[in-house]
């Protein structure tokens, strides 16, 4: 399973650098996104003036497994450490914790995640 960070999905919909990498992974089975990152993706796309109905139709066509943010994932997110010069948002932490919890790989637009010492594979799209 590949867990998608919202940055990867946003890059895909806004045709940003790396969108072709996202497209490759979307063609594979077992794509997943956390409920928190699902929300973040919709919010960011709405802020870019896309209509909510269109966003939901487009995202609905991606056939994601949407993973609930459980108590275990939430607690795991609080344990993720990072270098002082790096910022991880709540959405970042939930995405990483979801990936760790499910022993998966993560697809992200944030290449700095490769610097984190975590027991997962980080696939950066750019």
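The values are calculated or read from the model by the stated rules, or taken from the named source; none is laboratory data. Owing to the predicted nature of the structure, the values given are computational and were not obtained by experimental measurement. Cβ atoms come from the backbone with ideal geometry, glycine included; neighbour counts cover every protein chain shown.
Structure summary
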quantity: Matching residues, segment 96-120, being exposed (fewer than 12 other Cβ atoms within 10 Å of the Cβ) and in contact with a helix residue (DSSP H, G or I) (Cβ under 8 Å, 6 or more places away or on another chain); calculated: 119
quantity: Conditions (1) outside any helix (DSSP H, G or I); (2) modelled with pLDDT of 95 or more; (3) within 21 Å of residue 30 (Cα to Cα); (4) over 13 Å from the mean Cα position of the chain (by Cα); number of the one not met by residue 73; calculated: (1)
quantity: Lone qualifier among 34, 48, 7 - being buried (at least 18 other Cβ atoms within 10 Å of the Cβ) and out of contact with any helix residue (DSSP H, G or I) (no Cβ under 7 Å at 6 or more places or on another chain); calculated: 7
quantity: Checking residue 63 against (1) in contact with a helix residue (DSSP H, G or I) (Cβ under 6 Å, 6 or more places away or on another chain); (2) in a loop (DSSP other than H, G, I, E, B); (3) closer than 16 Å to residue 37 by Cα, the condition it does not meet; calculated: (1)
quantity: Residue that is surrounded by the most Cβ atoms within 10 Å (Cβ to Cβ) [pool: residues in segment 63-95 that are in contact (Cβ under 8 Å) with a residue 40 or more places away in the chain and in contact with a strand residue (DSSP E or B) (Cβ under 7 Å, 6 or more places away or on another chain)]; calculated: 95
